[in-house]
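For reference, the structure is listed below as structure tokens.
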Amino acid sequence: MARSAIFFLLFLVTNASLILLYPFTISRLLLVASIYAVGTVVMLYLLFHPRNQWLVANRSRVDGTGCVALTFDDGPDPVDTPKLLDLLREKGVKATFFVVGKRADQYPEIVRRAWVEGHLVANHTWSHHPLFCFLTPGRLRAEIERGTESIRRSCGFRPCAFRSPVGLRHPLLGPYLKEAGLEYISWSVRTRDTLTANSSVLARRILNKVVSGDIILLHDHLPAGTNVMLEALPRVIDELRERGFEFVLAGSREDGSGKTLEPAPCEPAR
Ligand SMILES: [Zn+2]
């Protein structure tokens with residue numbers, strides 16, 4: 001909570017520096033411009049850098065020599081997620097799905113299938129709000145809690161892992177995740193699968209970057225579909241296996257007491 005307070009103080013000081021413009025002189029303008037620029041750059045770094053630890057403790061790597069983790073954000077998608085699950089089953093690969101709560105409520109059977117087939121299901125907020133770092137405290141808490149609840153309705157347990165939309169931070173995210181018992185999991189390989197139209201380019205980009213311990217960011221729901229990712233993935237899996245890599249989950253399927261979370265029947269969405 002202390003860091004949240006320091007962040008808000010930085011915000012106030014940066015904006016309060018505008019008072020120094022009165023009475024106006026060129027030297028005062030330069031001073032205010034310097035304070036404002038430094039304050040803004042620091043705040044943007046803290047809010048936007050996906051692996052910055054200062055506001056929210058997070059993990060962007062997995063343990064174990066030769067281990068890598070595939071993570072899929074923004075699903076479930078009624079068409080592409082089942083295709084991806086079929087592919088992962090065929091290849092014998094387990095992955096981590098950061099699901100959007102309101103989509104999980106629309107397609108709970110897909111979320112449940114992912115869990116039952118040995119994947120990790122994690123919270124990617126309720127609505128995937130594009131201005132996540134500017135949410136009010138009440139809305140932030142609701143985004144986390146409703147995301148958790150929709151997974152509980154789909155699978156019968158509360159998830160243990162969380163990732164925010166686009167990796168954005170919020171000054172209150174750290175304390176709220178602690179309260180909710182959620183670990184923040186970031187990534188170390190950004191594949192830019194959302195911007196790539198060629199599966200060979202995507203596969204090559206991933207294969208050129210991956211080293212032991214990486215957490216790889218991909219998406220199983222995109223407005224234009226995920227065919228490019230689905231085409232690239234078999235090659236990525238096969239080549240990484242040939243290099244000796246093992247695919248692991250980005251987090252644990254156990255609760256805090258070490259007990260594996262067991263799925264219960266789906267509950268209807270409210
Ligand atoms: Zn996302």
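Comparing ALA16, ALA250, ALA232 in a Gaussian network model of the chain where C-alpha atoms under 10 Å apart are linked, the largest mean-square fluctuation is found at ALA16.
Summarising the label geometry, the points placed 7 Å from Cα in the beta-carbon direction at ARG235 and LEU44 lie 3.5 nm from one another. For the stretch 160-234, the relative contact order is 31 percent, taking Cα pairs closer than 8 Å that sit 6 or more residues apart in sequence and dividing their mean separation by the residue count. Basic side chains Lys and Arg get +1 at the Cβ, acidic Asp and Glu get -1 at the Cβ, and with that the dipole of the stretch 94-218 about its Cα centre reaches some 200 debye. Between the residues LEU44, PHE132, TRP187, the greatest Cα displacement towards the positive end of the dipole of the chain, with unit charges on the Cβ of Lys, Arg, Asp and Glu, is found for LEU44.
Accessible surface area normalised per residue over the stretch 1-152 is 49 Å², counting heavy atoms of protein chains with a 1.4 Å rolling probe. Straight-line cross-link partners of LYS83 among the lysines, defined as a Cα under 26 Å from its Cα and at least 8 positions apart when in the same chain: LYS91, LYS94, LYS102, LYS209.
Both the radius of gyration and Dmax for the chain are 20.6, 71 Å, in that order, over alpha-carbon atoms. Each label point was placed 7 Å from the Cα along the Cα-to-Cβ direction; for GLU179 and VAL79 their separation is 4.0 nm. The string of couplings for the stretch 85-95 from the Karplus curve (6.51, -1.76, 1.60, θ = phi - 60°) is 4, 4, 5, 5, 5, 4, 8, x, 10, 9, 9 Hz, one whole number per residue in order, with x for Gly and Pro.
Under the rule of at least 5 residues apart or a separate chain, name every residue whose amide H is placed under 5 Å from the amide H of GLU246. Residues meeting the amide H criterion: CYS67, VAL68.
Note on the chain: GNM, Cα springs under 10 Å; of LYS91, LYS102, LYS83, the largest mean-square fluctuation is that of LYS91. Toward the positive end of the charge dipole of the chain, about the Cα centre and with charges on Cβ (Lys, Arg +1; Asp, Glu -1), which of TYR107, SER164, LEU233 goes farthest? So the residue we want is SER164. Between the stretch 15-32 and the stretch 162-194, what is the separation of their alpha carbon centroids in Å? The stretch 15-32 and the stretch 162-194 have Cα centres separated by 37 Å.
Distance between the 7 Å Cα→Cβ label points at ALA197 and LEU87: 1.9 nm. Cut-off 10 angstrom, C-alpha nodes, Gaussian network model of the chain. Which of ALA114, ALA142, ALA161 fluctuates the most? Its mean-square fluctuation being the largest, the pick is ALA142. Over the chain, Cα pairs under 8 Å with separation of 6+ residues give a relative contact order of 27 percent. You can think of it this way: the chain between TYR22 and SER252 has 77.2 nm of extra reach, that is 0.36 nm per residue less the Cα-Cα gap.
The values are calculated or read from the model by the stated rules, or taken from the named source; none is laboratory data. No experiment lies behind these values; they were computed from the predicted model shown. Counting neighbours? That spans all protein chains shown, and the Cβs are built from the backbone with ideal geometry, glycine included. Remember, those area values only see protein heavy atoms, side chains included, never the ligands or the DNA or RNA. Shrake-Rupley method; radii C 1.70, N 1.55, O 1.52, S 1.80 Å.
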